[in-house]
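> Below are the structure tokens for one structure; questions will follow.
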Amino acid sequence: MPARKALIAITSASARLFNGKETTGLFISEALHPYKVLTAAGFEVDLSSETGSYTPDWLSQQPDFLNGEDLKTWNDKNSEFRKKLDNMTKAADLDGSAYGLFFASAGHAALIDYPTARGLQKIAEKVWASGGVVASVCHGPAIFANITDAAGEPIIKGKRITGFTTEAENTMGIMQDLRSWGSEMVEEISARLGATYERSAGIWDDFHIVDGRLVTGQNPGSSTSTAKAAVEVFDKL
């Protein structure tokens, strides 16, 4: 039985959007909501990024996305979540074999560092190889660009996954910015690696997919349901 210990991956990248007016980085609720679900389910939870640092995403701090208890937790530098986030260990310095569940939170910036984040990817590979659960939300599937199984095949090959829709990128009016980073969209990564991408009709619907030990969510609003589904899968291992 894999250890009841989870790692939430955090993007360490930051970039400008909307003609340089806004900064993208970690989408706060995509890490906070899974953190709350996992700790409530009795998991020991660590947070880590490739460099040990992070930048908060501007949109994720707006009242539509961060309010109530979540906002209090975020503003409280002494909350367990903030202490863990502000004092992260670099992924390369962690023992991947210690974890039974890997959850890739995101933010648009994840499209930049996740595809080549070998420290985080190696942890996910160890979790997968040990029979644990690998999950992602929103732009988190960018990390699957280089996560392989024992046979060297992408772990999402032949699997059903979801993630942030290309339609949503276009609706937000930021596709030109994303292309300027040289980034692949989630749907493109999925197609290239032989996964079947699925989505809900609405770009902001709460939607997730479970395919064996792989659990993926479509957008920020799916973070809680995706984490809960990941726990359910883990509990049946």
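Every number here is computed from the coordinates shown, using simple stated rules; none is lab data. Only a predicted model underlies this, so the values are computations on that prediction, with no experimental measurement involved. Every residue, glycine among them, receives a Cβ derived from its backbone with ideal geometry; neighbour counts consider all protein chains shown.
> State the answer as a single residue: which of Pro115, Asn87, Leu178 lies farthest towards the positive end of the charge dipole of the chain, with beta carbon charges of +1 for Lys and Arg and -1 for Asp and Glu, about the Cα centre.
Ranked along the dipole, the leading option is Asn87.
> Given a cut-off of 26 Å, name the pairs among Lys72/Lys159; Lys21/Lys159; Lys36/Lys122; Lys90/Lys157; Lys77/Lys122 whose C-alpha atoms lie farther apart than that in the structure shown.
Flagged as over cut-off: Lys72/Lys159; Lys21/Lys159; Lys90/Lys157; Lys77/Lys122.
> Here's another thing I want to ask about it. Dipole of the chain, Cα-centred, from +1 at each Lys and Arg C-beta and -1 at each Asp and Glu C-beta, to the nearest 20 debye?
Taking the Cα centre of the chain as origin, the dipole is about 420 debye.
> OK, next. Label the stretch 187-237 by shape, choosing from rounded, prolate and oblate, from the square roots a ≥ b ≥ c of the eigenvalues of the Cα gyration tensor; if a/c is under 1.5 it is rounded, and otherwise prolate applies when a/b is larger than b/c, oblate when it is not. Mind dumping the intermediate values first?
Numbers: a/c = 2.74, a/b = 1.22, b/c = 2.25.
Judged from the Cα gyration tensor, the stretch 187-237 comes out oblate (a/c at least 1.5, b/c at or above a/b).
> For Lys126, give me every one of the aspartates and glutamates with a C-alpha distance below 19 angstrom, ignoring sequence neighbours fewer than eight places off in its own chain.
List returned: Glu44, Asp46, Glu50, Asp93, Asp95, Asp149, Glu153, Asp211, Asp235.
> Suppose each label sits 7 Å from its Cα in the direction of the beta carbon; what would the Glu198-Glu22 distance come out to in nanometres?
Going by the 7 Å Cα→Cβ label model, 3.0 nm.
> Would you mind giving the average projected area, over all directions, of the Cα convex hull of the stretch 74-198 in nm² with one decimal?
On the way: hull surface 34.8 nm².
The number I arrive at for the stretch 74-198 is 8.7 nm².
> Still on this structure, please answer the following. Just the projected area, averaged over all directions, of the convex hull on the alpha carbon atoms of the chain: how many nm²? Numbers along the way, then the final one.
Details: hull surface 45.6 nm².
Answer in nm², one decimal: 11.4.
> Also: What percent does the relative contact order of the chain come to when contacts are Cα pairs within less than 8 Å and at least six residues apart?
22
> Given the C-alpha centroids of the stretch 40-118 and the stretch 6-36, what is the distance between them in whole angstrom?
If you average the Cα positions of each part, the centres end up 8 Å apart.
> Compute the Kirkwood hydrodynamic radius of the stretch 38-85, taking the inverse of the mean of 1/r over all pairs of distinct Cα atoms, and give it in Å to one decimal.
On the way: mean 1/r = 0.0817 Å⁻¹.
12.2 Å is the Kirkwood radius here.
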